[in-house]
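Trainee: Structure in structure tokens, see below.
The values are calculated or read from the model by the stated rules, or taken from the named source; none is laboratory data. Values in this document were obtained by computation on a predicted structure and should not be read as measured data. Methodologically, a virtual Cβ is constructed for each residue, glycine included, from the backbone with ideal geometry; neighbour enumeration extends over all protein chains shown. Note: areas computed on protein heavy atoms with side chains; ligands, DNA, RNA excluded. Shrake-Rupley method; radii C 1.70, N 1.55, O 1.52, S 1.80 Å.
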Amino acid sequence: MYVSFLRDVRKAVGDELGAAPAKGDPRLHRKAALILLWYAASLAGLLTAPDFPLRLAAALSFAGASTAIGFNIFHDANHGSFGKSRAVNTAVSVFCSVLIGPARRIWRVKHNILHHLHPNVGAVDDDLDGRGLLRFAPTVPWKPNYRRQQMTAPFLYALNTIEWIFIKDFVRYFSGRMNAHRPLPPMRLADHAEFWLSKLAYGAIVVAPPFFVMPAVEAALCFFAFHAVFGLSVCLVFLPSHLTHDMAFWEKETGEDVARQLLATANYGVGDPLTTWFTGGINLQIEHHLFPHLSHVHYASIAPVVERVAGAHGLPYLRLGGFGEAVARHFSFLREMGRRPAPAAA
């Protein structure tokens with residue numbers, strides 16, 4: 001069933017796209033230019049604003065622009081769809097690492113391999129790892145501290161990018177492990193150089209300058225406000241597509257990749273151009289998981305095609321409603337995962 005679906009959906013999507021470029025679409029490049037302009041203007045505003053309220057407003061705008069870079073440029077480049085060549089995609093990805101902070105190579109292992117190839121598979125998909133603070137799947141053993149996790153999650157989400165950029169990347173780098181179950185693939189000399197140079201450049205361009213042009217307390221407040229918005233945005237855009245009541249979860253591999261993509265993934269904000277624009281098509285997660293190397297500017301046009309073919313094969317095509325409903329369903333799922341499971345029947 002899944003093999004025939006994959007064959008049919010690839011043909012139908014190919015027919016829909018016609019001669020449109022699968023990678024390096026000019027629409028994506030124009031969009032990237034606009035986002036980079038937003039980023040530069042926000043950073044300039046942060047460093048030149050005459051008073052703290054304007055600095056704080058600039059920091060929040062800067063967070064929005066940084067998030068948009070991650071969703072629209074960094075994400076596509078790491079999937080090889082921003083440009084038509086590998087060299088272009090690598091250069092763009094490294095450039096984004098300097099602008100927003102993540103270690104490119106480590107993120108590619110986490111996202112392209114552990115998540116995309118194994119969505120919602122315990123001990124493999126790193127996105128299920130709540131590090132003992134949050135329970136993201138029924139396959140994770142319950143602990144008392146998970147009670148009311150739907151109330152603590154927003155605060156942890158707000159710290160997400162601080163942990164990711166300043167702690168987790170370095171823990172993985174020095175330990176040589178993605179998590180307790182998966183090693184980090186060996187790094188070449190060029191990979192080590194890229195890691196350190198991009199981190200140092202990020203610190204010099206983004207982190208340090210505010211502390212030179214404004215009082216330290218104000219700079220620190222802007223720093224935490226920036227990361228609160230950045231961290232919340234990343235979590236609330238990515239997580240609902242895989243972590244709600246509608247999803248399937250597995251303790252180990254099932255051997256059927258296409259089945260996992262359909263059973264563990266959902267769309268939201270379908271038909272909402274603003275949501276699709278800002279999230280870089282991440283809201284159309286089904287299309288992204290089935291066609292990860294396709295530029296996200298095509299997702300909205302192929303979504304009806306994918307849904308039609310899935311229905312013809314009797315396969316699920318999960319929708320969560322709009323962005324607000326998707327977030328609400330995610331937090332409802334967190335509340336359920338925080339409850340003590342009922343004892344197994346004898």
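Trainee: What's the number of the condition ARG131 fails, among (1) surrounded by fewer than 16 Cβ atoms within 10 Å (Cβ to Cβ); (2) closer than 25 Å to ALA77 by Cβ?
Mentor: (2)
Trainee: Mind listing just one residue for me: the one in the stretch 16-31 that is under 30 Å from SER61 (Cα atoms) and in a helix (DSSP H, G or I) and, of those, least open to solvent (accessible area, probe 1.4 Å)? It would help to see each step written out before you state the result.
Mentor: Initially, the stretch 16-31 is screened for residues under 30 Å from SER61 (Cα atoms), giving 23-31.
With in a helix (DSSP H, G or I) added as a condition, the list becomes 26-31.
Details: PRO26: 69, ARG27: 110, LEU28: 1, HIS29: 73, ARG30: 153, LYS31: 23 Å².
Filtering first and then ranking leaves LEU28.
Trainee: Applying the selection to the stretch 48-86, what residues are among the hydrophobic types (A, V, I, L, M, F, W, C), open to solvent by less than 40 Å² (accessible area, probe 1.4 Å) and either under 20 Å from ASN160 (Cβ atoms) or out of contact with any helix residue (DSSP H, G or I) (no Cβ under 8 Å at 6 or more places or on another chain) (or both)?
Mentor: From the stretch 48-86, those among the hydrophobic types (A, V, I, L, M, F, W, C) are 49, 52, 54, 56-60, 62-63, 65, 68-69, 71, 73-74, 77, 82; that's our starting set.
Of the ones still in play, those that are also open to solvent by less than 40 Å² (accessible area, probe 1.4 Å) are 49, 58-59, 62-63, 65, 68-69, 71, 73-74, 77, 82.
Scanning the stretch 48-86 gives ALA59, PHE62, ALA63, ALA65, ALA68, ILE69, PHE71, ILE73, PHE74.
Trainee: Do any helices (runs of 4 or more DSSP H) entirely within the stretch 250-346 hold 1 or more residues that are out of contact with any helix residue (DSSP H, G or I) (no Cβ under 7 Å at 6 or more places or on another chain) and surrounded by fewer than 21 Cβ atoms within 10 Å (Cβ to Cβ), and if so, which?
Mentor: On the way: elements: 257-263, 273-279, 285-290, 299-312, 323-338.
Once the helices (runs of 4 or more DSSP H) in the stretch 250-346 are filtered for at least 1 residues that are out of contact with any helix residue (DSSP H, G or I) (no Cβ under 7 Å at 6 or more places or on another chain) and surrounded by fewer than 21 Cβ atoms within 10 Å (Cβ to Cβ), what remains is 257-263, 273-279, 299-312, 323-338.
Trainee: Might you check whether a residue that is without any contact (Cβ under 8 Å) to a residue 24 or more places away in the chain, in contact with a Ser or Thr (Cβ under 9 Å, 6 or more places away or on another chain) and not hydroxyl-bearing (Ser, Thr, Tyr) occurs anywhere in the stretch 30-40? Explain how you work it out, then say what you get.
Mentor: Filtering the stretch 30-40 down to residues without any contact (Cβ under 8 Å) to a residue 24 or more places away in the chain leaves 30, 33-34, 37, 40.
Cutting the leftovers down to in contact with a Ser or Thr (Cβ under 9 Å, 6 or more places away or on another chain) gives us none.
Within the stretch 30-40 (the criterion being without any contact (Cβ under 8 Å) to a residue 24 or more places away in the chain, in contact with a Ser or Thr (Cβ under 9 Å, 6 or more places away or on another chain) and not hydroxyl-bearing (Ser, Thr, Tyr)), the answer is no, since none of the residues qualifies.
Trainee: Among VAL297, VAL309, which is the only one that is within 19 Å of the chain's Cα centre (by Cα) and either within 21 Å of GLY24 (Cβ to Cβ) or not polar (S, T, N, Q) (or both)?
Mentor: Values: VAL309 fails: within 19 Å of the chain's Cα centre (by Cα).
Exactly one residue qualifies, and that residue is VAL297.
Trainee: Further question: As an exercise: evaluate GLY18 against (1) touching a residue at least 12 places away in the same chain (Cβ under 8 Å); (2) under 23 Å from SER85 (Cα atoms) and give the number of the one condition it does not meet.
Mentor: Every condition holds for GLY18 apart from (1).
Trainee: Return yes or no: is LEU34 over 19 Å from VAL234 (Cα atoms), in a helix (DSSP H, G or I), touching a Pro at 6+ places or on another chain (Cβ under 9 Å) and at pLDDT 95 or above? Give the steps one after another, and end with the answer.
Mentor: Numbers: over 19 Å from VAL234 (Cα atoms): yes; in a helix (DSSP H, G or I): yes; touching a Pro at 6+ places or on another chain (Cβ under 9 Å): no; at pLDDT 95 or above: yes.
No: the conditions fail for LEU34.
Trainee: Got at least one residue in the stretch 116-133 being basic (Lys, Arg) and within 17 Å of the chain's Cα centre (by Cα)? Spell out the reasoning first.
Mentor: Within the stretch 116-133, the first condition is being basic (Lys, Arg), and the residues that meet it are 131.
Right, trim to within 17 Å of the chain's Cα centre (by Cα) and you get none.
No, the stretch 116-133 contains no residue that is basic (Lys, Arg) and within 17 Å of the chain's Cα centre (by Cα).
Trainee: Keeping to the stretch 32-47, report how many residues are open to solvent by less than 40 Å² (accessible area, probe 1.4 Å) and over 21 Å from the mean Cα position of the chain (by Cα). Outline the logic, then answer.
Mentor: First, pick out the residues of the stretch 32-47 that are open to solvent by less than 40 Å² (accessible area, probe 1.4 Å): 32, 35, 39, 42-43, 45-46.
Okay, now just the ones that are also over 21 Å from the mean Cα position of the chain (by Cα), so 42-43, 45-46.
Adding up the residues that qualify gives 4.
Trainee: Which residues, taken from the stretch 90-110, are open to solvent by less than 10 Å² (accessible area, probe 1.4 Å) and over 12 Å from SER198 (Cβ atoms)? Step through it out loud before you land on a result.
Mentor: Residues of the stretch 90-110 that are open to solvent by less than 10 Å² (accessible area, probe 1.4 Å), as a first pass: 93, 96-97, 100-103, 106.
Within the stretch 90-110, none qualify.
Trainee: Let me ask something else about it. Step by step: first the residues of the stretch 141-187, then only those that are in contact with a helix residue (DSSP H, G or I) (Cβ under 7 Å, 6 or more places away or on another chain), of a type in the set (A, V, I, L, M, F, W, C) and closer than 22 Å to MET337 by Cα, then the one that is surrounded by the fewest Cβ atoms within 10 Å (Cβ to Cβ). Which residue is that?
Mentor: Here the answer is LEU159.
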